[in-house]
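Here's the structure, in structure tokens; my notes come after.
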Amino acid sequence: MSHRTAAIIAGAGLGNRLGANLPKALLQIDGITLIERAFTSLSSVVDEIVITAPTGYETEFRKIVGESAKVITGGVLRSDSVRLALDSLSPSIEYVLVHDAARGLATPDVARRVLDTLKAGESAVIPVLPVVDTIKEIDSAGYVRTTPDRSALRSIQTPQGFEVSVLRRAHEASEDATDDAALVEALGIKVKTIDGEARALKITNPSDIATAHSLLHSTNVELRSGIGTDAHAFSQDTSRQLWLAGLLWEGEVGVDGHSDGDVAAHAICDALFAAAHLGDLGSNFGTSDPKYAGASGVTLLHETLMRVTNAGYGIENVSVQIVSNRPKIGPRRKEAIEVLSNALGGAPVSVTATSTDGLGFTGEGKGISAIATALISRVK
């Protein structure tokens with residue numbers, strides 16, 4: 001059974017403790033804003049996303065996420081923002097994630113596991129980490145009152161997941177809270193915990209930025225590489241369009257194929273699937289599936305990105321070499337790189353071209369082939 005899912009990203013905080021002269025969600029870590037990181041992480045997991053922005057920053061937020069998310073003006077308090085976002089969700093949504101833009105480094109894996117636990121029958125699910133420091137409860141004068149048993153204590157993270165109806169009831173019954181799960185607890189509903197991750201830290205103080213950089217550049221990273229190839233013969237149908245490297249080549253005869261026959265895009269997909277151990281182009285987009293009949297190379301790249309991201313990987317680099325006598329790639333190389341990179345979420349892409357000095361079916365002008373390599377990574 002399919003369940004409609006959504007995510008609310010709370011991004012209306014001003015980040016005063018960071019000393020930044022801009023909303024916290026617009027803080028950049030390695031050149032990428034926290035709101036973009038949070039949006040990218042969740043976009044491959046849920047069906048729709050609503051983002052709350054501080055008053056006056058709505059346009060800037062929309063420029064970052066485009067039309068793939070709904071940006072609304074947040075409230076004075078975090079709970080106000082979440083309530084406004086709940087009112088903006090489609091009526092068909094069953095489960096909702098509530099995520100802090102300040103935890104923009106959280107991976108899609110956490111969000112997927114929260115949703116999976118909800119779909120298994122829980123009403124509220126939150127990711128947590130064990131508390132490693134000894135905790136002291138103190139009185140108003142600063143004296144230690146008691147020392148709780150830390151084995152039963154957990155540090156709470158986001159994204160937190162809820163049945164939409166439950167979260168609505170929780171917000172209707174209470175005024176404010178910094179933690180949505182606390183509102184649900186107040187209704188007497190049990191909240192299930194799952195393992196969180198170190199990357200989902202909340203960036204609140206300047207020292208957190210240094211920690212974020214350390215996590216992003218951790219040496220404890222798994223790297224995988226893959227190779228992909230594709231080839232198609234030129235069509236006898238002279239009216240068939242040529243799509244190559246995500247571009248339409250006017251005046252050129254296209255190739256025969258189940259989809260648009262974009263050998264460069266297909267080779268890249270193949271390389272990414274190989275690197276992530278997710279099969280190959282045929283096993284993912286087989287000719288027996290009518291869904292992909294006539295599908296564009298860009299569409300397949302988008303779908304490949306989602307599948308690789310869902311497996312916990314990020315794309316480090318992609319390189320594709322096109323082998324053919326025509327068309328001439330050089331004049332449109334920059335355009336091709338931009339289209340392919342955008343289809344892969346901004347990943348670095350290089351495009352080269354060569355011929356085979358008259359050898360083989362490409363050298364004889366009978367078709368086009370492409371060879372691609374991909375490098376992907378994930379934190380262990």
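The values are calculated or read from the model by the stated rules, or taken from the named source; none is laboratory data. Note that the coordinates shown come from a computational prediction; the quantities given were computed from them, not determined experimentally. A quick note on method: Cβ atoms are made from the backbone with ideal geometry, for glycine too, and the neighbour counts reach across all protein chains shown.
Residues that are within 30 Å of GLN157 (Cα to Cα), among the small types (Gly, Ala, Ser) and modelled with pLDDT under 90: find the helices (runs of 4 or more DSSP H) completely inside the range 167-280 holding 2 or more of those.
206-216
Given the options THR204, THR229, THR178, name the one that is assigned by TED's automatic domain parsing to the domain that holds ARG113, of a type outside the set (A, V, I, L, M, F, W, C) and under 30 Å from TYR313 (Cβ atoms).
THR204
Please go through the range 317-330 and give me each residue that is at pLDDT 90 or above and surrounded by fewer than 19 Cβ atoms within 10 Å (Cβ to Cβ), ordered by number.
The answer is ASN317, SER319, GLN321, ASN325, ARG326, LYS328.
If only one of VAL96, VAL46 is in contact with a helix residue (DSSP H, G or I) (Cβ under 9 Å, 6 or more places away or on another chain), at pLDDT below 95 and more than 18 Å from ASP176 (Cβ to Cβ), which one is it?
Checking each option against the conditions leaves just VAL46.
Kindly establish whether HIS277 is on the phi > 0 side of the Ramachandran plot, under 21 Å from the mean Cα position of the chain (by Cα) and surrounded by fewer than 21 Cβ atoms within 10 Å (Cβ to Cβ).
Yes.
Yes/no matrix, rows are residues, columns are (1) in the same structural domain as ALA210 (by TED's automatic domain parsing); (2) modelled with pLDDT of 90 or more; (3) in contact with a helix residue (DSSP H, G or I) (Cβ under 8 Å, 6 or more places away or on another chain); (4) within 25 Å of ALA186 (Cβ to Cβ):
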position	(1), (2), (3), (4)
ASP80	yes, yes, no, yes
ALA111	yes, yes, yes, yes
THR134	yes, yes, yes, no
THR146	yes, yes, no, yes
ILE156	yes, yes, yes, yes
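So which pairs qualify, if the first residue must be in the range 137-160 and within 22 Å of ASP180 (Cβ to Cβ), the second must be of a type in the set (A, V, I, L, M, F, W, C) and part of a loop (DSSP other than H, G, I, E, B), the Cβ gap must be under 7 Å, and the two must be at least 6 apart or on different chains?
LEU153/VAL131; LEU153/ILE135; ARG154/VAL131; SER155/VAL131; PRO159/ALA106
Kindly indicate whether any position in the range 122-140 is surrounded by fewer than 16 Cβ atoms within 10 Å (Cβ to Cβ) and in a helix (DSSP H, G or I).
No, the range 122-140 has no match at all.
Can you tell which of THR158, THR117, THR147, THR107 is surrounded by fewer than 16 Cβ atoms within 10 Å (Cβ to Cβ) and among the polar types (S, T, N, Q)?
It is THR147.
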